[in-house]
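The structure under discussion appears below in the form of structure tokens.
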Amino acid sequence: MTGAIDMFKSKIIIAAFAALAGLASVPAIAAEAGPRPERQPWSFAGIFGTYDTNQLQRGFQVFREVCASCHGAHLISFRNLAEPGGPSFSEEQVKALAAEYQIADPTAEGGLRPGIPADRWPSPFANEQEARAAMNGALPPDLSVMAKARGVSDPFPTWVFNYFTAYQEGGVDYLHALLTGYRDEVPATAPEGFELLEGQYYNEYFPGHAIGMAPPLADGSVTYTPGEDGVTVPETLEQYATDVSAFMMWMAEPHLVSRKQTGFVVLLFLIVFAGLMYGTKRKLWKGIEH
Amino acid sequence: MSEHSTYTPGTAVEKWLDDRLPVVRFAKEHLMDFPTPKNLNYWWTFGAILVMCLGVQIVTGVILAMHYTPNVGLAFDSVEHIRRDVNGGRIIQAVHAVGASMFFVALYIHMFRGLFYGSYKAPREIIWILGVLIFILTVATAFMGYILPWGQMSFWGATVISNIFSAIPLIGENIKQLVLGGFAVGNPTLNRFFSLHYLLPFVIAAIVALHIWALHVPGNNNPIGVEVKDGRDTVPFHPYYTMKDLFAMVLFMIPFAWFVFFAPDILGHPDNYIMANSQVTPAHIVPEWYLLPFYTILRAIDFNILFIDSKLGGVIAMGGALVMLLIVPWLDTGKVRSGTFRPVFKWFFALFTINFVALTYLGAQPAEGIYVVLAKVCTAIYFLYFLVVLPVLSRIEVTKPLPTSISESVLGKANA
């Protein structure tokens, strides 16, 4: 929704045209609204990137304990959490998890029943009006595809290189920056001279800087269980933000890993096939001056 | 070049069929034996690549339509449903979305090839005009297809572009309402765009058939622009060009697959992952990249000309930019077709090409500051190329001597 996001695609697209048509060189344009979120070393970045299962499980915990109390994720079903390439919880865990939630179902007695894996993730509010009433007029957006609904704007020539590195983590970079982009002294967070309305907070990266969401995470606000091997991760804002952003990327792109796997097979086939085709074509045209 | 059939039915069954419906004879004449200049370069493979692109869009599109729901409340989620839950859906959907961009890459290359090698010149004017019609229909189809996912950019792109119609004097507002099915973009718009988005590709396919039919009357132009003299200048289409085109198609599929599997969203817009909302306007509304050159021309006219206000002026300029393409065979009357033998034209063509990329770039920029000025300059260059450069050059340019025939030209190249 920032101008920067709008330009992101268009710039990129021109690069494709320019690169493919063998024409290039376009001047840089100035980015708007806020500093560019720093690029994070995501495990799923690049063509070889895959999700870190442990990170997704931690991210899910943050999502469930913090985000989900205000935000919905209506495209996600409980069963997705057990699917390969994701947080990979066991079927039993997912069944037990789903059963903890009460799902609105007009056919059930009393209109509510315990959840099953096929159910969608329940929304915290019945409708937009209820959400706005509870949230000081602001509407917490659905997080299902949030990681892909935000982007960043890179200056020339970075956006040209993005084509060749397949950089698509602008959205998660932004989410991570947003979650860590609050000023320390809550609620007196805005720089001098910046007017904040009641219920608004100052955020470095939010377009316009006045965000309706209170700082959702703080050091120690979620307790991680140590892994089976006894490995612990720091319980810091930075770690929570990274984990939950990664989880949101998974929600937006649950098939990322299998997509890339297929891609390698397809590209390898095409390159070998193109080589064979070229050999055949040359042999065929041999002896014909053209 | 109509008498090149070497087909003789081999069996009684083939003979029987040939007397009644000579499809095999037709295929042999037009898809196999068709004499094709032997000096075509790789720029000529984009015709076949475009046939492939159209085929890919139709096949993936038909499958997507089986799972898509054209309703404002359900469309956005149904596209996500395809990506998440339909078997192979995420690949089919990505191929269709990326395929639109690849289609236009090939389309623009194909058109610029025609412009450089003078493929629009007599006797190929109708081939060229049909091609421009295909281009315009493809733009319309792609534009309507972009509405279907019902994201923010779908909605606002449709809102902005459909406003073009309202610039037409007297009946503009009525046309706009007819197109949208109401006063603003809404459920009726989505329904009719879905219907037309399904229909138009088949209309395009029909015009492609005419395009190829018209092509098979005079035969292909070629890089030196000298007409085929005799059999020594040509090779049969099959296997020589079927093989070369197939190779080029496979090559083209490599960047195609790169985007589909490793960067499916890089050609899209993040805002289109937000469901359409008529209450929230995105900061900058940007049409898809392939519309940008014409969008820039539309926006460049921000001043009134006599009784024509800037809005109508912009629409006239944009329509004019397309009309230029339709009449280019009569603007460039030079006898020499190929840019290779036109030393001055070459430079102007390079300028025109760079200018077109600049128009694309400027369409994505906010209409402010230096971009406004540049947009006007680039728009002027676009029209000057057609209205001044081509007519003048075709009269005064001293062209290089042409080879007498294709075979002489290729033998010269081989001996050099």
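The values are calculated or read from the model by the stated rules, or taken from the named source; none is laboratory data. As the structure is a computational prediction, the values presented were derived from the model and not from experiment. Note: ideal-geometry Cβ built from the backbone for every residue, glycine included; neighbour counts use all protein chains shown.
Of A:V160, A:V152, A:V172, all but one fail to be within 14 Å of chain B (Cβ to nearest Cβ) and modelled with pLDDT of 90 or more; the exception is A:V172.
Look at B:L325 and say whether it is assigned to a helix (DSSP H, G or I), touching a Phe, Trp or Tyr at 6+ places or on another chain (Cβ under 8 Å) and within 14 Å of another protein chain (Cβ to nearest Cβ). Show your work before the answer.
Details: assigned to a helix (DSSP H, G or I): yes; touching a Phe, Trp or Tyr at 6+ places or on another chain (Cβ under 8 Å): yes; within 14 Å of another protein chain (Cβ to nearest Cβ): no.
Taking the combined requirement at face value, the residue does not satisfy it.
Residue-level check: of (1) within 23 Å of the chain's Cα centre (by Cα); (2) outside any helix (DSSP H, G or I), B:T333 misses just (1). For segment B:120-143, what are the residues that are among the small types (G, A, S) and either closer than 22 Å to B:N222 by Cα or not in a helix (DSSP H, G or I) (or both)? Across segment B:120-143, the qualifying residues are B:A122, B:G131.
In the condition set (1) surrounded by 21 or more Cβ atoms within 10 Å (Cβ to Cβ); (2) more than 23 Å from A:Q57 (Cβ to Cβ), A:D173 is compliant with all but (2). Here A:A214, A:A241, A:A218 are screened, and the one residue that is in contact (Cβ under 8 Å) with a residue 24 or more places away in the chain and exposed (fewer than 15 other Cβ atoms within 10 Å of the Cβ) is A:A214. Counting only helices (runs of 4 or more DSSP H) wholly contained in segment B:5-98, the ones carrying 2 or more residues that are loosely packed, with under 14 Cβ neighbours inside 10 Å and basic (K, R) occupy B:12-20. Scanning segment A:117-149 for residues that are crowded, with 22+ Cβ neighbours inside 10 Å and within 11 Å of chain B (Cβ to nearest Cβ) returns A:S144, A:V145, A:M146, A:A147, A:K148, A:A149. Within segment B:292-307, take every residue that is in contact with a helix residue (DSSP H, G or I) (Cβ under 6 Å, 6 or more places away or on another chain) and outside any helix (DSSP H, G or I) and give me the one that is nearest to the other protein chains (Cβ to nearest Cβ). Among those residues, the one meeting the criterion is B:D302. Looking only at residues of segment B:212-231 that are in contact with a helix residue (DSSP H, G or I) (Cβ under 6 Å, 6 or more places away or on another chain) and outside any loop (DSSP other than H, G, I, E, B), we find that the one that is farthest from the other protein chains (Cβ to nearest Cβ) is B:A214. Tallying residues that are assigned to a helix (DSSP H, G or I) and away from chain B (no Cβ under 11 Å) within segment A:238-290 yields 14. All of A:A82, A:A96, A:A118, A:A126 fail the test of being at pLDDT below 95 and of a type outside the set (F, W, Y), apart from A:A126. Would you say A:G227 is surrounded by fewer than 18 Cβ atoms within 10 Å (Cβ to Cβ), more than 10 Å from chain B (Cβ to nearest Cβ) and on the phi > 0 side of the Ramachandran plot? In short, no. A residue that is closer than 30 Å to B:F155 by Cβ, at pLDDT 50 or above and either in contact with an Asp or Glu (Cβ under 8 Å, 6 or more places away or on another chain) or not acidic (D, E) (or both) cannot be found anywhere in segment A:14-32. I'd like the residue in segment B:208-231 that is among the aliphatic types (A, V, I, L, M) and exposed (fewer than 15 other Cβ atoms within 10 Å of the Cβ) and, out of all such residues, is farthest from B:M66 (Cα to Cα). Ranking the candidates gives B:V217 first. So, B:L178, is that one under 15 Å from the mean Cα position of the chain (by Cα) and either among the hydrophobic types (A, V, I, L, M, F, W, C) or farther than 24 Å from B:I316 by Cβ (or both) or not? The answer is no for B:L178. Which one is modelled with the lowest pLDDT, of the residues in segment B:273-291 that are at the interface with another protein chain (Cβ under 7 Å from one of its Cβ atoms) and crowded, with 20+ Cβ neighbours inside 10 Å? Only one residue fits best here, namely B:H284. Each residue in segment B:372-415 was checked for being facing chain A (nearest Cβ under 9 Å) and among the hydroxyl-bearing types (S, T, Y), and 1 of them qualify.
Select from segment B:232-259 the residues that are more than 9 Å from chain A (Cβ to nearest Cβ) and not in a helix (DSSP H, G or I) and write down the one among them that is surrounded by the most Cβ atoms within 10 Å (Cβ to Cβ). So, considering only residues that are more than 9 Å from chain A (Cβ to nearest Cβ) and not in a helix (DSSP H, G or I), the one surrounded by the most Cβ atoms within 10 Å (Cβ to Cβ) is B:T234. Under the condition of being within 14 Å of chain A (Cβ to nearest Cβ) and assigned to a helix (DSSP H, G or I), the residues counted in segment B:336-365 number 15.
Report yes if some residue within segment A:208-219 is more than 26 Å from B:G151 (Cα to Cα) and within 14 Å of chain B (Cβ to nearest Cβ); otherwise report no.
no
For segment B:68-124, the tally of residues that are away from chain A (no Cβ under 11 Å), under 30 Å from B:K346 (Cβ atoms) and among the aromatic types (F, W, Y) stands at 4. Going by the conditions given, is B:A283 over 20 Å from the mean Cα position of the chain (by Cα) and in a helix (DSSP H, G or I)? Criteria not met by B:A283. Being assigned by TED's automatic domain parsing to the domain that holds A:D52 and at pLDDT 95 or above holds for only one residue in A:M248, A:M213, and it is A:M248. Of the residues that make up segment B:260-272, is at least one more than 7 Å from chain A (Cβ to nearest Cβ), part of a loop (DSSP other than H, G, I, E, B) and touching a residue at least 40 places away in the same chain (Cβ under 8 Å)? Yes, the conditions are met somewhere in segment B:260-272.
From the list B:G89, B:G131, the one residue that fits, being of a type outside the set (A, V, I, L, M, F, W, C) and closer than 18 Å to B:L325 by Cα, is B:G131.
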